[in-house]
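Here the structure comes first, spelled out in structure tokens, and everything after it is commentary.
The values are calculated or read from the model by the stated rules, or taken from the named source; none is laboratory data. Source: prediction; values computed, not measured. Heads up, the Cβs are rebuilt from the backbone with ideal geometry, glycines too, and the neighbour counts pull from every protein chain shown. Keep in mind that these areas ignore ligands, DNA and RNA; they rest on the heavy atoms of the full protein, side chains included. Shrake-Rupley method; radii C 1.70, N 1.55, O 1.52, S 1.80 Å.
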Amino acid sequence: MLNQEVYDKVVSEFAAKFGSKPQVVAYAPGRIEVLGNHTDYNEGYVFSAAIDKGTFFAVSPADDDTVTLVALDMGETYATTLGAVAPIKSGMTWANYPLGTFNWLFGGKPAEAGKGFKAVFGGNIPLGAGLSSSAALEMAAALALQKVYGTSFDRTELAKIGQKAEHTFAGCPCGLLDQASSMYGQSGALVKSDFRTNEFEAVPMGDGVAFMMVKSNAKHALVDGAYASRRQACEDAAKHFAAVLRKGGVTHLRDVTMAEWVLYRGGLSETTAKRAVHPIGEDERVLQGAALLSKGDLKGFGALMYDSHESSRNWFENSCEELDAIVDAAKAIPEVYGARLSGGGFGGSCCLLVDPAAADKIAAAIAREYKAKFGDEPTCSLIKPSEGAHLI
Ligand code: ADP
Ligand code: MG
């Protein structure tokens, strides 16, 4: 469904349900990760983009202390009161995202809101597909509820409120990337995030290119354990470099250069050294990528994306044969500038930098190669970096 159609549906369902127009409507998009893999918990850099799909959240204050949430995409309504706002353990768990956001807008004391609210929301991001529908819902709710209640948090603070909702209500220990990308996205631009300073910056890349997300059908077991062991290796390596580097001030891999890794990797186990070089290289690639984008060098930026995948494949070992096949197929297509796995890895999606005019040809070629190897077809969707969260 187009964004305009989603908006129309949300507003008309609100009127049908509550007998009046919503006082406020807000929109927030999902996101893709473009460069900078497993760098967030190493206090490094990430390039991401807001996508052209999102969630609309329509809301009016209630006359009393009731809170009513209507999820159009679920066909369900959740109702509670200010005094009873709490994480939902089973059943309508979708309500945790807007409810948790509301809870932390008031510092965990929702009764201080004074009055409840009634809301209707819906979107067009596929749920649970790695495009961050959950952050889109939180950020749309945050902007709309902030307007209704007159709070005055800035965008980064609202992003952190959404993150806190994920941690404490939805039970997902996520970083800040999803919410920040939704908040700071701009049309034709990437979002450059610095996860040490929590600074977020839109970096223009022009309207002539787009991304294609290629969703593999790979689902690999042991993902949680593999993720935890990667994270542990990064922490162990940071401790090693903190001990051996005389320059001081080393707390995370963010503080270690590739040259230092080459010189001092000998003190690490072979596996830990391999893991550590990935976020170190990714940080350097994001900074190089920013310089290339400022010169309009999209081919150069794409080359960094291929390097990123090679680093995942050989060093961090968070790729798999399905993702490798997609990237290898991409390399043979001239209208693809770069490709890499996106997100945690071990399955999921690849992100390709493409000439949008050739999108159909690219999708067909990738699908053909993938099908020949694995028997089924991946899902390809063209994504243009788009505007971030805003009030309508
Ligand atoms: P992702 O954020 O990658 O899409 P998550 O598992 O983090 O995946 O979040 C998906 C969950 O967010 C859904 O299962 C649902 O509970 C909630 N959600 C997101 N968007 C909506 C929506 N439009 N309507 C209802 N629930 C939603
Ligand atoms: Mg999510």
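Candidates Leu72, Val148, Ala62 compared by Cα position along the dipole of the stretch 46-168: farthest toward the positive end lies Val148, with charges placed on Cβ.
Each of Asp65 and Asp8 was given a label point 7 Å from its Cα along the Cα-to-Cβ line. The distance between the two points is 4.1 nm. Compared with the dominant Cα axis of the chain, that is its longest principal axis, helix 133-149 is turned about 40°. Of Lys331/Lys371; Lys331/Lys373; Lys115/Lys147; Lys53/Lys295; Lys17/Lys118, which pairs sit farther than 19 Å apart, going by alpha carbon to alpha carbon? Table pairs above 19 Å Cα-Cα are Lys53/Lys295. Placing unit charges on the Cβ atoms only, positive for Lys and Arg and negative for Asp and Glu, gives the chain a dipole magnitude near 300 debye about its Cα centre.
Counting only alpha carbon atoms, the long axis of helix 3-18 and the longest principal axis of the chain meet at about 30°.
Annotation for the stretch 251-307 versus the stretch 348-380: alpha-carbon center distance of 27 Å.
One Cα centroid belongs to the stretch 21-63, the other to the stretch 156-226; the line between them spans 8 Å. The amide H of Val203, built 1.01 Å from its N in the peptide plane, has Leu190, Val191, Lys192 as neighbours under 5 Å, considering only residues 5 or more places off or on other chains.
A 1.4 Å probe run over the chain, with the rest of the protein chains in place, finds 41 Å² accessible per residue.
Highest mean packing comes first when the peptides 361-371, 309-319, 80-90 are listed by Cβ atoms within 10 Å, giving 309-319, 361-371, 80-90.
Residues whose amide H falls under 5 Å from that of Thr379, counting only those 5 or more places apart or on a different chain, are Lys215, with hydrogens built in the peptide plane.
Rounded to whole numbers, the Karplus 3J(HN,Hα) couplings from phi for the stretch 282-292 are 4, 4, 5, 5, 5, 5, 4, x, 5, 5, 5 Hz, using 6.51 cos²θ - 1.76 cosθ + 1.60 with θ = phi - 60°, and x at Gly and Pro. For the peptides 5-14, 276-285, the ranking by packing is 276-285, 5-14, with the highest mean count of neighbouring Cβ atoms within 10 Å listed first. Taken along its three principal axes, the alpha carbon spread of the stretch 1-112 comes to 46, 35, 26 Å, from the longest extent down to the shortest. What does the net charge come to around Ser60 if you take all other residues with beta carbon closer than 14 Å to its beta carbon, with K and R at +1 and D and E at -1? Taking every Cβ under 14 Å from that of Ser60, the sum is +2. Relative protection proxy for 286-299, 38-51, 125-138, from highest mean packing down: 38-51, 125-138, 286-299 (other beta-carbon atoms within 10 angstrom). Summing charges over neighbours of Ala189, with a neighbour being any other residue whose Cβ is under 12 Å away from its Cβ, gives -1 when K and R count +1 and D and E count -1.
What the phi angles of the stretch 344-355 give under the Karplus curve with 6.51, -1.76 and 1.60, with θ = phi - 60°, is a coupling list of x, x, 6, x, x, 10, 10, 10, 10, 8, 9, 7 Hz, glycine and proline written as x.
For the chain, the fraction of C-alpha pairs more than 41 angstrom apart is 16%. Applied to the stretch 96-109, the Karplus parametrisation 6.51 cos²θ - 1.76 cosθ + 1.60 on θ = phi - 60° returns per-residue 3J(HN,Hα) values of 4, 5, x, 5, x, 4, 4, 4, 7, 4, 10, x, x, 10 Hz, with x for Gly and Pro. Within straight-line reach of Lys21, meaning a Cα separation under 13 Å, sit the following aspartates and glutamates at least 8 residues removed in sequence or on another chain: Asp8, Glu13.
Using only the alpha-carbon atoms, how far is helix 298-311 inclined from the longest principal axis of the chain? Give it as 0 to 90 degrees, nearest 10. Rounded to the nearest ten degrees, it is 80.
Taking the Cα centre of the stretch 185-266 as reference, the dipole from Cβ charges on Lys and Arg (+1) and Asp and Glu (-1) amounts to some 300 debye. When the alpha carbon gyration tensor of the stretch 4-204 is reduced to an equivalent ellipsoid, the three semi-axes, largest first, read 27, 18, 15 Å.
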